[in-house]
There are 2 protein chains.
Amino acid sequence: MSETPASATPYELFYWPGLQGRGELVRLAFEDAGQPYEDVCRDPAKGAPALLALLAKNPHDALRPLAPPILRHGSVLLAQTANILFYLAPKLDLAPEGEAARLAALQLQLTLTDFIAEAHDTHHPIGTSLYYEDQKPEALRRTRAFLDHRLPKFLRYFESVIAENASPAAPLTLLGRHTYVDLSLFQVVSGLRHAFPKAMQAFEPEILSVAGLVARVEARPNIAAYLASPRRLPWNLHGIFRAYPELDLEPHFDRGRAP
Amino acid sequence: MSETPASATPYELFYWPGLQGRGELVRLAFEDAGQPYEDVCRDPAKGAPALLALLAKNPHDALRPLAPPILRHGSVLLAQTANILFYLAPKLDLAPEGEAARLAALQLQLTLTDFIAEAHDTHHPIGTSLYYEDQKPEALRRTRAFLDHRLPKFLRYFESVIAENASPAAPLTLLGRHTYVDLSLFQVVSGLRHAFPKAMQAFEPEILSVAGLVARVEARPNIAAYLASPRRLPWNLHGIFRAYPELDLEPHFDRGRAP
């Protein structure tokens with residue numbers, strides 16, 4: 001499935017240096033596939049200005065991006081994480097076969113996009129133009145609603161998708177084979193465990209397939225090597241998943257019907 | 001570009017009855033293309049239960065959806081608005097030509113997805129599990145940040161995309177030809193004008209190309225006929241764009257650098 005002519009063209013990822021963020025979903029795909037890529041803004045000689053230059057004026061005859069992550073691959077310039085992964089996955093042998101399955105993967109990835117945005121807004125419910133410290137009471141309320149209602153809804157959904165789609169030949173997968181969406185789910189669950197250990201610990205017994213998928217991804221040799229390398233940035237208070245002790249609430253899970 | 005064999009298969013849209021919501025982006029594509037479709041849940045004999053049945057247990061051998069809108073087209077069952085439109089657009093002659101341009105359209109549509117989610121959260125900053133009435137002070141703060149910072153950022157972005165991509169043969173387009181993304185931008189701008197007339201009136205002089213695109217879409221015969229028909233649901237207090245007078249704030253636009 002890999003496309004030989006394209007593989008000679010370097011892959012350049014532009015993302016804010018110093019945090020995992022949404023860029024991490026793209027990094028995990030490259031790392032899992034063993035595909036070399038340039039993490040441009042982490043080169044101290046380039047840094048964030050390389051990204052800002054792309055945002056200020058599109059240097060290519062391509063669509064202007066609004067925000068990172070941005071992928072440059074020869075004359076291709078793409079933004080929006082799910083869009084980047086939709087383009088990359090067949091080249092990295094991380095897409096399912098056929099158009100219908102590729103759309104199913106996109107659907108799941110967009111559901112993860114929604115989940116990530118909601119996880120982010122637990123610490124920024126009023127807006128990204130304000131510091132967390134300027135929206136702490138609102139963050140506490142939003143986190144309460146997120147942990148009680150949204151986290152169970154999304155995680156139960158992914159649990160059911162694994163149960164319905166994993167195949168005997170590829171157990172613990174979302175789509176019956178290993179794809180980029182599994183890598184993204186690994187990242188989201190890892191982030192949730194970091195940010196909300198109390199809620200996640202209480203919820204783990206309900207999502208054994210999700211936990212199994214995450215363990216499977218973590219054990220893949222290229223991913224294990226990546227996670228142990230300095231290329232994997234540590235969690236911190238700049239990314240999507242932040243460990244604020246005051247937001248690590250005891251959950252009262254919504255026991256309504258499954259999604 | 002239309003695919004004759006598929007056109008015999010009925011298109012069925014499943015969305016909450018009684019509101020425009022994200023389902024409207026799919027309706028606009030069908031209506032603009034003159035493509036008949038069944039708006040399943042608006043049939044009183046079917047209603048929301050038809051949608052709930054799809055969510056409760058996937059009746060097809062397809063990926064389970066988490067939330068509407070959902071499109072059924074023969075054996076194809078798709079969720080996530082941008083995913084549905086990515087699938088539909090070539091069949092309705094609403095996609096640009098070629099893979100690179102289709103990804104550019106997806107990138108823009110996903111940027112609109114983000115914009116829509118942020119517009120929605122102005123009245124639901126704490127969570128969808130609570131009524132608006134239970135989060136009014138937070139909604140006021142979030143609306144302030146949205147109108148001052150996010151609304152100008154997104155609208156200036158789309159203004160610049162039109163300036164950079166519209167062609168003499170297709171002026172007032174996002175991608176150099178009329179596409180489904182233009183229809184979605186029309187819907188978003190119309191919704192913002194409904195929800196935030198003060199901010200939008202003040203901002204209109206900065207986004208003349210966006211306003212021109214919206215007027216162009218509104219004047220397309222099929223769209224004009226649709227908007228005048230009973231199929232077009234009125235704005236109300238259940239959708240994404242809601243006219244709460246207390247959230248119609250005088251804007252203090254961020255005058256920072258363009259995106």
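Every number here is computed from the coordinates shown, using simple stated rules; none is lab data. Everything numeric here is computed off the predicted structure, so don't read it as measured data. For neighbour counting, all protein chains shown are included, and Cβ atoms are generated from backbone atoms with ideal geometry for every residue, glycine included.
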- Note on the structure: Inter-chain shielding metric for A:135-144, i.e. average beta-carbon neighbours from other chains within 10 angstrom, reads 4
- Anisotropy class of the protein assembly as shown from Cα gyration tensor, a/c 1.5 cut: rounded
- Query: What FRET efficiency comes out for the pair B:K46/A:E38, r = Cβ-Cβ distance, R0 = 51 Å, nearest 0.05?
  - Reply: 0.45
- Query: Out of every Cα pair in region B:46-154, what percent are spaced more than 17 Å from each other?
  - Reply: 67 percent
- With one decimal in nm and the nearest listed first, the spacings from B:G47 to its own position in the other copies, using label points 7 Å along Cα-to-Cβ, are 6.2
- Message: Quick check of the Kirkwood formula: for region B:4-91, what is the inverse mean of 1/r over all pairs of different Cα atoms, in Å?
- Response: 13.1 Å
- Selection of trypsin sites (Lys or Arg not before Pro), region B:188-259, meeting DSSP coil and at most 14 other Cβ within 10 Å: B:R231, B:R255, B:R257
- Task: Enumerate the amide H contacts of A:Y11 below 5 Å, restricted to partners 5 or more residues apart or on another chain; note that Pro and chain-start residues carry no placed amide H.
- Result: A:E38
- Item | Check: region B:99-247 dipole with +1 on Lys, Arg Cβ and -1 on Asp, Glu Cβ, in debye | 280 debye
- Note on the structure: Rounded to a whole number, the mean other protein chain Cβ count within 10 angstrom for residues of B:61-74 is 4
- Task: Only loop residues by DSSP count here, and only those with at most 14 other Cβ atoms within 10 Å; note down the trypsin sites (Lys or Arg not before Pro) in region B:1-110 that meet that.
- Result: B:K57
- If you put a point 7 Å past Cα along the Cβ direction, how far is that point for B:D248 from the same point in each other copy, in nm, smallest first? 4.7
- Note on the structure: Across B:41-49, the residue-averaged tally of Cβ atoms belonging to other chains within 10 Å stands at 0
- For A:E12, A:E204, A:E250, ascending order of other Cβ atoms within 10 Å (fewest first) is A:E250, A:E204, A:E12
- GluC sites (Glu not before Pro), restricted to region B:196-259: which are DSSP loop and have at most 16 other Cβ atoms within 10 Å? none
- Across 5 Å bins from the origin, how do the percents of Cα pairs in chain A run, short distances first? 1, 6, 12, 17, 19, 17, 13, 9, 4, 1, 0
- Query: Using the Cα gyration tensor of region B:99-247, with a ≥ b ≥ c the square roots of its eigenvalues, what is the shape: rounded (a/c below 1.5), prolate (a/b larger than b/c) or oblate (neither)?
  - Reply: prolate
- Item | Relative contact order (percent, whole number), region B:4-91, Cα cutoff 8 Å, 6+ residue spacing | 33 percent
